[in-house]
Ligand SMILES: *Cc1c(COP(=O)(O)O)cnc(C)c1O
């Protein structure tokens, strides 16, 4: 899969700050456009490839190898390419990982962990080890506040709370397997994989398009799933079948393959982390030095990926959103559960896009401050 990526042009252009599905690098869109009618000279579209073809199997193998290389995934972890989205895995995790009656620990840090908890509760007894609810989810409960159960089957965290703008900056070593929903910050930084039992992430936020969920699982956690679980949702059966027990989301897999190559060509995860820090600092500095905007999250817990902030006078919100749209700065409205403004700065968002937003915010403050 020889990909030639082009540098994005620097002229004024629209930027998409959506939380997901979200912006893709221009070079990836261009590659998709080229491959759509004729993939690898096969005379067939990528959309027409049988998932059982040698070419597609090879794409899956290469994709897994690229992911393993980017993250330095140890040999005792399996990579699964599954369907259902992270929300389906909220239920599939307890069904696959827990013995009957075994409970799990959950950290409640915001909107998405609450969803994960509500869904898991239908399938397992669980223990909320700490909650940020009392702080209005403006901080993540610190490690010393977690009331862990040593008999829990696993401990679940949400590495980045997409709606609340909170991000775990450290992953503790726990006695039980650490399970993390990384849907909104996967591949934005290097990770100590050996600290995790399971990492899962839907791909439509930072890794391509909707339809695919990545599951990285330590192989000793693969066990026969509970009776009644449909086979395509069994991690163990899918692992046995190289994620081809049934048709995987082929187009989303192909897009993931392009994204992994793009990230590698940018300089890998250390580079993505440095850029992520630079982009988020630019915006946080602008917010913190202004009288018009306020970011209420505890500084150490602030997300570098989904920056959530408010106008001190909420009545100015509609003007802000409308004028931003007019300037080509799209999808800045905060999550419905939280309100305010949210700027999602995934890997594909160039520094130039963040500078444009910062300049717009300064100008908006000059006119409305
Ligand atoms: C978007 C999101 C989800 C939901 O993903 P789906 O693929 O829509 O199920 C879950 N967790 C987090 C952290 C998210 O940002």
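Condition check ((1) away from the ligand (no atom under 16 Å from the Cβ); (2) on the phi < 0 side of the Ramachandran plot; (3) touching a helix residue (DSSP H, G or I) at 6+ places or on another chain (Cβ under 6 Å); (4) in a strand (DSSP E or B)) across all residues:
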residue	(1), (2), (3), (4)
198	no, yes, no, yes
201	no, yes, no, yes
207	no, yes, yes, no
210	no, yes, no, no
214	no, yes, no, yes
225	yes, yes, yes, no
229	yes, yes, yes, no
238	yes, yes, no, no
242	yes, no, no, no
Residue count, the range 318-345, condition touching a residue at least 40 places away in the same chain (Cβ under 8 Å) and either out of contact with any strand residue (DSSP E or B) (no Cβ under 9 Å at 6 or more places or on another chain) or more than 19 Å from residue 165 (Cβ to Cβ) (or both), comes to 4
Unique match (being farther than 13 Å from residue 187 by Cα, away from the ligand (no atom under 16 Å from the Cβ) and modelled with pLDDT of 95 or more) among 253, 307, 258: 258
Being away from the ligand (no atom under 16 Å from the Cβ), outside any strand (DSSP E or B) and within 30 Å of residue 18 (Cβ to Cβ) is true for just one of 172, 150, 141. Which residue is that? 141
Could you figure out which of (1) touching a helix residue (DSSP H, G or I) at 6+ places or on another chain (Cβ under 8 Å); (2) surrounded by fewer than 18 Cβ atoms within 10 Å (Cβ to Cβ); (3) closer than 25 Å to residue 360 by Cβ isn't true of residue 24? (2)
Every residue from the range 49-73 that is in contact with a helix residue (DSSP H, G or I) (Cβ under 6 Å, 6 or more places away or on another chain) and not in a helix (DSSP H, G or I): 49, 51, 73
Do we have any residue at all in the range 274-296 that's under 22 Å from residue 132 (Cβ atoms) and either in a loop (DSSP other than H, G, I, E, B) or at pLDDT below 95 (or both)? yes
Does residue 174 count as buried (at least 16 other Cβ atoms within 10 Å of the Cβ) and touching a helix residue (DSSP H, G or I) at 6+ places or on another chain (Cβ under 6 Å)? no
Hey, could you check the range 347-365 for residues that are farther than 15 Å from residue 330 by Cα and touching a residue at least 24 places away in the same chain (Cβ under 8 Å) and say which is surrounded by the fewest Cβ atoms within 10 Å (Cβ to Cβ)? 351
Working carefully through the options 190, 150, 141, find the one that is touching a strand residue (DSSP E or B) at 6+ places or on another chain (Cβ under 6 Å) and either at pLDDT below 95 or surrounded by fewer than 24 Cβ atoms within 10 Å (Cβ to Cβ) (or both). 141
Failed criterion for residue 15 (all others in (1) at pLDDT below 95; (2) touching a strand residue (DSSP E or B) at 6+ places or on another chain (Cβ under 9 Å); (3) away from the ligand (no atom under 16 Å from the Cβ) hold): (1)
Output yes when any residue across the range 297-309 is surrounded by fewer than 17 Cβ atoms within 10 Å (Cβ to Cβ), under 23 Å from the mean Cα position of the chain (by Cα) and under 26 Å from residue 28 (Cβ atoms), and no when none is. no
Those strands (runs of 3 or more DSSP E) completely within the range 75-131 that have 2 or more residues that are touching a helix residue (DSSP H, G or I) at 6+ places or on another chain (Cβ under 7 Å) and over 19 Å from residue 158 (Cα atoms) are 77-82
Specify the residue that is farthest from the ligand (Cβ to nearest atom); the eligible residues are those in the range 85-128 that are surrounded by fewer than 18 Cβ atoms within 10 Å (Cβ to Cβ) and closer than 21 Å to residue 245 by Cα. 88
Qualifying residues in the range 153-169 (those that are outside any loop (DSSP other than H, G, I, E, B) and within 16 Å of the ligand (Cβ to nearest atom)) - the one surrounded by the fewest Cβ atoms within 10 Å (Cβ to Cβ): 157
Residue check: is residue 284 in contact (Cβ under 8 Å) with a residue 40 or more places away in the chain and within 22 Å of residue 139 (Cα to Cα)? no
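The values are calculated or read from the model by the stated rules, or taken from the named source; none is laboratory data. Just so it is clear, the structure is predicted and the values come from calculations on it, not from any experiment. Cβ atoms come from the backbone with ideal geometry, glycine included; neighbour counts cover every protein chain shown.
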